[in-house]
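The values are calculated or read from the model by the stated rules, or taken from the named source; none is laboratory data. Since the structure is predicted, the reported quantities are computational estimates derived from the model, not experimental observations. Cβ atoms come from the backbone with ideal geometry, glycine included; neighbour counts cover every protein chain shown. Accessible surface is based on the protein model in full, side chains and every heavy atom, while ligands, DNA and RNA are left aside. Shrake-Rupley method; radii C 1.70, N 1.55, O 1.52, S 1.80 Å.
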Amino acid sequence: MDRMYRVLGFWTIVIALMAFWGELYPMALIFFSLTAFFVALSYMNLTERVYLNIFFGFMFLSFVGFTYYTFFVMPVGPQEHALLQLIM
């Protein structure tokens, strides 16, 4: 199971590099941090049950966060993005 977290780290670094090259810097920073998180977890030698619980918690938070973002934060139409104004 620890190898799967290294695979997740690989794919998140690929996405982070593509976002960085596309000048999507906030997205790139999020995925660089996810890469560090997954690779660090992969070397902890935890049990398979713990790895699955961590992944379930990660997916739950991701889905809840994405749903919150799409319903309450994402603008509808051509206006400026609210989160982008906070970051820049």
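Could you list, in sequence order, all residues of the stretch 2-45 that are on the phi < 0 side of the Ramachandran plot and outside any helix (DSSP H, G or I)?
So in the stretch 2-45, the residues on the phi < 0 side of the Ramachandran plot come out as 2-22, 24-44.
Gly22, Leu24, Tyr43, Met44 - these are the residues of the stretch 2-45 that are on the phi < 0 side of the Ramachandran plot and outside any helix (DSSP H, G or I).
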Between a first residue in the stretch 1-23 that is more than 17 Å from Thr47 (Cα to Cα) and a second residue that is open to solvent by 40 Å² or more (accessible area, probe 1.4 Å), which pairs have beta carbons less than 6 Å apart while being 6 or more apart in sequence or on different chains? Gly9/Val39; Thr12/Phe31; Ile15/Phe31; Ala16/Phe31; Ala16/Phe32; Ala19/Met27
When you look at Tyr5, is it open to solvent by less than 60 Å² (accessible area, probe 1.4 Å) and of a type outside the set (D, E, K, R), yes or no? yes
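Take the stretch 50-67 and flag every residue that is open to solvent by 100 Å² or more (accessible area, probe 1.4 Å) and under 18 Å from Val7 (Cα atoms).
If we filter the stretch 50-67 for residues that are open to solvent by 100 Å² or more (accessible area, probe 1.4 Å), which is where we start, we get 56, 60-61, 63, 66.
Listed by number, the list holds a single entry, Phe56.
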Candidate set: the stretch 10-28, residues that are over 15 Å from Val39 (Cβ atoms) and not aromatic (Phe, Trp, Tyr); chosen: the one most open to solvent (accessible area, probe 1.4 Å): Glu23
Could you pull out the residue among Met44, Met74 that is out of contact with any Cys (no Cβ under 8 Å at 6 or more places or on another chain), open to solvent by 60 Å² or more (accessible area, probe 1.4 Å), among the hydrophobic types (A, V, I, L, M, F, W, C) and closer than 20 Å to Asp2 by Cβ? Met44
